[in-house]
1. How many residues, within region 1-60, are of a type in the set (Phe, Trp, Tyr), under 20 Å from GLY84 (Cβ atoms) and either part of a helix (DSSP H, G or I) or at pLDDT below 90 (or both)?
2. Considering only residues that are free of Cβ contacts under 8 Å to residues at least 40 places away in the same chain and surrounded by 16 or more Cβ atoms within 10 Å (Cβ to Cβ), look in region 82-95 and name the one that is nearest to ILE17 (Cα to Cα).
3. In region 216-247, what residues are touching a residue at least 24 places away in the same chain (Cβ under 8 Å) and farther than 18 Å from ILE44 by Cβ?
4. Of all residues in region 248-258, count the ones that are part of a loop (DSSP other than H, G, I, E, B) and either within 11 Å of TRP272 (Cα to Cα) or free of Cβ contacts under 8 Å to residues at least 60 places away in the same chain (or both).
5. Is it true that some residue in region 72-80 is out of contact with any strand residue (DSSP E or B) (no Cβ under 7 Å at 6 or more places or on another chain), surrounded by fewer than 17 Cβ atoms within 10 Å (Cβ to Cβ) and in a helix (DSSP H, G or I)?
6. Pull up region 32-58, narrow it to residues that are among the small types (Gly, Ala, Ser) and within 11 Å of the chain's Cα centre (by Cα), then point me to the one that is surrounded by the most Cβ atoms within 10 Å (Cβ to Cβ).
7. Quick one: what pairs do we get from region 203-215, first residue closer than 15 Å to TYR173 by Cβ, second in a strand (DSSP E or B) and basic (Lys, Arg), C-beta under 8 Å, 6+ apart or different chains?
8. Restricting to region 185-237, what's the tally of residues that are surrounded by 15 or more Cβ atoms within 10 Å (Cβ to Cβ) and in a loop (DSSP other than H, G, I, E, B)?
Amino acid sequence: MDIPAHLNCVYNTLSFIENNYDRGISVKELEAVSHYSYRNIQRIFRYTCGETIGAYQKRLRVEHAYKMILYGKDTLSSIALTVGFANLASFSKAFKQHYQVSPGEARAQKTPLLARAGILPIEAGLVLQPRLVYIPPITVYYKSSFIPYADTAIEAQWESFMQHQFPGHDVVYYGVVTDEPLIREQLDCRYDTCASVQACDGSLPSKTIGGGRYAQFIHYGSYETIEETYTNIYAGWILTTQLRFGTSPVIEQYTKHPDNTGSIAEQVTYIWLPLA
């Protein structure tokens, strides 16, 4: 099978993980093999492969462990350490989550368990064309949370944030997304809910966002479907662009949202990816 050149970063990352699944993999190693920052390669991997780097490494560990259980005679503790788990307890927990039986039960049954097929990276069907923009420095008033990057978790943060009262009707709302530089099963981030004005009770800290060049994408419709736009960015556009990326956080600007428009179709979110 011919591999598109712009997917080399994904296949190189897959190969590296497969060859090193049994040890701790550093962020620097992933950046070196993929030629992307960890923030970008973890999102490219997730949107082209359907799971995170951390989840793929953990899956390889338990699948290799089961082969050793089925065909070998090593103790479960020895197998756990061989495939990269810190101890038998963490191995047993991961194994049962994956196969719904414990390692001991799997050994007693001696029955081959279903393993997932290997990953075949998939490109997005739509390649977006962003607008290159300069975003001036913006003072915002914010609240930070460390959460999974998922629409339900983010919406919960906004419900809490909007308990504050904000003066006037021209408030602009932003979300600032800073991915954690850790290899985990779940894609976690520090997410800042931001408003362009101080809350009436004066309780929110302030900071400055923006102040640089960005690739601007537009998501139309409900925030619940924003993953479709991110898929087109990270499994499409980013793989072919020659632009260099900056290290500042991704910013979302909620221009049209449920509080200022009654139609889902009219809702608009700007997504700003930082450029060097």
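The values are calculated or read from the model by the stated rules, or taken from the named source; none is laboratory data. Keep in mind that this is a model prediction, so the values were computed, not measured. With ideal geometry, Cβ positions are generated from the backbone for all residues, glycine too; neighbour counts draw on all protein chains shown.
1. Within region 1-60, residues that are of a type in the set (Phe, Trp, Tyr), under 20 Å from GLY84 (Cβ atoms) and either part of a helix (DSSP H, G or I) or at pLDDT below 90 (or both) number 4.
2. By that ranking, first place goes to PHE85.
3. GLN216, ILE218, HIS219, TYR220, GLY221, SER222, TYR223, GLU224
4. 3
5. yes
6. GLY54
7. From residues that are closer than 15 Å to TYR173 by Cβ, the pairs are LEU204/LYS143.
8. Residues in region 185-237 being surrounded by 15 or more Cβ atoms within 10 Å (Cβ to Cβ) and in a loop (DSSP other than H, G, I, E, B): 9 in total.
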